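Asker: Mind having a look at this structure? Questions to follow.
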Amino acid sequence: MMHGKQTLKDDGQRLLASQWLLELMTHPQKADARRVFTIHDPDLLGLLGLKQEKRKAYAFDELLPLVEKIEVQAARAGRKKPQERTRFERAVFSLQNRLMLYRRLQSSLGVPGTEDYEQEIDEFEIVVTEGIAAFRTHMEAGSDPQTVTDSIALARLGAFFTRYRRLAKIAYYKAVLPPPGASADAWTSVGESLLMSMRSGGISPSARFYAGMLGAASRSDNVGFDKALAGYRITLEDRFPSAVRKAKYEAWLNHVSPFYRGMMLYVLTVLLIAAGWLLASEPLRRAGAWALGFGLFAHTFGLLSRMLLEMRPPVTNLYSSAVFVGWCGVLGGLLLERVHRRGIAAFAAACLGFATLIIAHHLSMAGDTLEMMQAVLDSNFWLGTHVVTITIGYSATFLAGTLAHIYLFRRLTGSLDKETKQSLYQMTYGVICFALLFSFIGTILGGIWADQSWGRFWGWDPKENGAFLIVVWNAMILHARLAGRVRETGFMGMAVFGNIVTAFSWFGVNMLGIGLHSYGFMDKAFWWIIAFAAVELVVLCTAGLRPRQPGPASA
């Protein structure tokens with residue numbers, strides 16, 4: 001969100017996101033000097049008078065004198081719809097939002113630059129007691145404060161009120177537990193909690209623990225920090241035991257990183273099978289298939305864990321769709337490998353699984369992958385039927401296209417013998433039939449959902465058109481084969497083009513930012529989609545090249 005990466009590397013030092021956040025709140029001067037804000041747009045750099053350096057990252061201290069310029073341009077961009085903004089307007093609007101987020105995060109748990117957080121809380125508690133007493137005396141007397149002491153107490157209380165009201169307005173998240181007897185959703189920010197203390201006369205234990213953590217961190221007192229953290233954790237566990245267990249499991253899951261381990265196993269699968277082909281080694285092919293199975297296990301574990309944490313079906317946003325597309329592709333490839341046992345399906349499945357997890361990794365940079373469900377998607381029934389079914393159709397179409405890549409490559413290099421050719425053709429044909437079935441069912445279910453939600457079955461919405469294109473294209477492939485318009489190579493070329501159609505339906509329509517189904521707007525993917533389509537077209541063109549004749553020793 002802020003830097004576009006999961007770690008920050010600055011001046012030879014690497015900080016985790018949690019370390020950077022703690023530094024931001026406890027050592028603001030040090031954090032302000034770190035190069036956190038990435039700026040790539042040349043027009044924006046020119047407006048701000050910044051040099052286009054290789055690092056393309058700038059510190060808050062560098063941008064602070066330029067805030068007024070940024071705010072003026074961002075205000076103009078903000079008056080436009082996201083899809084109508086130019087590249088420059090998107091860049092300046094994003095920078096403004098990141099600057100605001102930076103200041104809000106910095107002020108989430110306390111006023112930046114406070115010398116002693118714990119001492120301030122203790123002093124505030126005394127001032128509240130004295131100030132409330134002075135205020136009551138003043139109200140009972142119906143006149144100005146009777147003593148100098150009362151005047152000072154009220155003045156100090158007013159100063160704290162102004163300080164914490166500003167803190168309450170700017171804080172990014174609500175970190176203080178609800179008071180006893182309040183709703184479980186009644187979380188407040190530290191500033192709001194301290195303002196409430198002026199009425200109740202008691203300071204929330206959560207606010208005290210945060211003050212202890214911030215104070216200890218500012219002094220580099222690890223023991224004191226751990227003590228305050230342990231106290232807060234006990235308070236949290238007593239109030240929300242199930243939520244804490246879920247949070248612990250999520251933290252453990254992030255540490256285990258099953259999707260990363262799955263990616264590594266998919267890479268191992270590709271290497272083992274490629275080596276098996278080169279060396280004509282059946283044990284290496286089997287080892288590759290086993291590696292794919294272990295990769296699928298890690299992938300499945302991560303997928304099921306996400307479902308358990310969300311209590312939702314597997315696909316709830318673009319990130320989870322990438323995870324599920326890869327999982328379905330790997331499962332399908334592993335099943336095909338059990339039938340054909342040539343390493344081809346396992347190789348294709350590993351490539352697809354790795355590619356989709358890479359996509360998921362980059363999508364995770366946009367923010368929380370276990371985000372609150374958008375209203376348009378808040379239906380477990382339709383998420384488990386229409387969304388899952390249509391995503392299986394995506395996965396099958398991509399798997400067919402990946403198998404077609406292998407066919408065209410081996411044909412071009414002269415390593416496509418008759419048995420391999422027949423095996424690839426059969427697998428691709430079967431997968432396309434499967435893709436057509438699920439894409440068609442998913443599209444029909446989507447229409448029924450739309451009819452229930454918006455009162456119309458079909459409205460030629462971009463997302464609906466994208467799903468319809470997949471159905472039409474897969475049907476065209478099968479009809480062209482049945483009518484004899486294409487033979488094996490043409491059939492494979494059409495399967496490759498199916499990847500472009502599916503990518504457009506999956507991501508392309510979200511870049512349009514229009515339509516009732518546009519609930520995942522993203523503009524950064526445009527050039528990636530263009531590059532992907534260009535590569536696929538190059539692969540498709542190889543179908544028209546004269547192939548090398550396979551040698552007698554081809555596998």
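Every number in this text was worked out from the coordinates using simple rules, so none of it is lab data. In this text the structure is predicted, and so the values were computed from the model without any measurement. Every residue, glycine among them, receives a Cβ derived from its backbone with ideal geometry; neighbour counts consider all protein chains shown.
Asker: As I understand it, the dipole of the chain uses +1 on the Cβ of Lys and Arg and -1 on the Cβ of Asp and Glu, about the Cα centre. Which of Cys351, Asn317, Ala77 lies farthest toward its positive end?
Answerer: Cys351
Asker: Give the relative contact order (percent, whole number) for the stretch 1-102; include only Cα pairs under 8 Å separated by 6+ residues.
Answerer: The normalised contact order for the stretch 1-102 reaches 24 percent.
Asker: Expressed as a rounded percentage, what relative contact order does the stretch 298-435 have, with Cα pairs under 8 Å and six or more residues apart?
Answerer: 28 percent
Asker: Right, another one. Per DSSP helix of 4 or more residues, -39500 (n - 2.57); summed, then divided by the residues of the chain. What does that give at 222 nm, rounded to the nearest 500?
Answerer: About -23000 deg cm²/dmol.
Asker: Could I have the simple spin-label model distance between Ala275 and Phe297, label points 7 Å from Cα toward Cβ, reported in nm to one decimal?
Answerer: Distance between label points: 2.0 nm.
Asker: Using +1 at the C-beta of Lys and Arg and -1 at the C-beta of Asp and Glu, which of Ala291, Val256, Gly215 has the Cα lying farthest in the positive direction of the dipole of the stretch 184-311?
Answerer: Checked the options; the winner is Ala291.
Asker: Could I ask something else about it? Want the number for Thr162 to Leu66: 0.36 nm per residue separation, take away the alpha-carbon distance, what's left?
Answerer: 31.8 nm
Asker: Rounded to the nearest 20 debye, what is the charge dipole size of the stretch 1-100 about its Cα centre when +1 sits on each Lys and Arg Cβ and -1 on each Asp and Glu Cβ?
Answerer: Magnitude of the dipole: close to 400 debye.
Asker: Same structure again: Kindly work out what percent of the DSSP beta bridges joining two residues of the chain are antiparallel, to the nearest 5.
Answerer: If we restrict to bridges inside the chain, about 100 percent are antiparallel.
Asker: Which aspartates and glutamates have a Cα less than 13 Å from the Cα of Lys418, not counting those fewer than 8 places away in the same chain?
Answerer: Leaving aside aspartates and glutamates fewer than 8 places away in the same chain, those within reach of Lys418 are Glu488.
Asker: May I ask you to derive the relative contact order of the chain, considering only C-alpha pairs under 8 Å and at least 6 residues apart, and to give it as an integer percent?
Answerer: 9 percent
Asker: With the crude spin-label approximation of a point 7 Å out along Cα→Cβ, what separation in nm comes out for Arg87 versus Arg233?
Answerer: In this crude spin-label approximation the distance works out to 4.8 nm.
Asker: Okay, next question. Suppose the chain between Gln52 and Lys174 were pulled fully straight at 0.36 nm per residue; how much longer would it get relative to their current alpha carbon spacing?
Answerer: Using 0.36 nm per residue and subtracting the Cα-Cα distance, I get 40.1 nm.
Asker: Further, regarding this structure: How much FRET efficiency would the formula 1/(1 + (r/R0)^6) give for Ser151 and Gln29, where r is the Cβ-Cβ distance and R0 is 30 Å, rounded to 0.05?
Answerer: 0.25
Asker: Also, I was wondering about something else. Determine, from the Cβ-Cβ distance of Arg76 and Val223 and an R0 of 51 Å, the FRET efficiency 1/(1 + (r/R0)^6), rounded to the nearest 0.05.
Answerer: 0.50
Asker: If you don't mind, another one. Using +1 on the beta carbon of Lys and Arg, -1 on that of Asp and Glu, and nothing else charged, what's the dipole of the chain about the Cα centre, debye to 20?
Answerer: Here the chain has a charge dipole of around 2320 debye.
Asker: Lysines within cross-link reach of Lys51: Cα-Cα under 21 Å, excluding same-chain residues under 8 positions apart?
Answerer: Straight-distance partners of Lys51: Lys9, Lys69.
Asker: Something else now. Counting Lys and Arg as +1 and Asp and Glu as -1, what is the net charge of the other residues whose Cβ lies under 13 Å from the Cβ of Asp368?
Answerer: -2
Asker: Checking the cross-link filter: which lysines have an alpha carbon closer than 25 Å to that of Lys463, excluding same-chain neighbours under 8 positions apart?
Answerer: Cross-link targets: Lys80, Lys81, Lys524.
Asker: Let me ask something else. Please name which of Leu105, Val538, Ala525 has its Cα lying farthest along the dipole of the chain towards the positive end, using unit charges on Cβ (Lys, Arg +1; Asp, Glu -1) and the Cα centre as origin.
Answerer: Val538
Asker: Specify which labelled value, from (1) 24.2; (2) 29.5; (3) 32.9, agrees with mean projected area of the Cα convex hull in nm² derived from the coordinates of the model shown.
Answerer: For mean projected area of the Cα convex hull in nm², the calculated option is (3).
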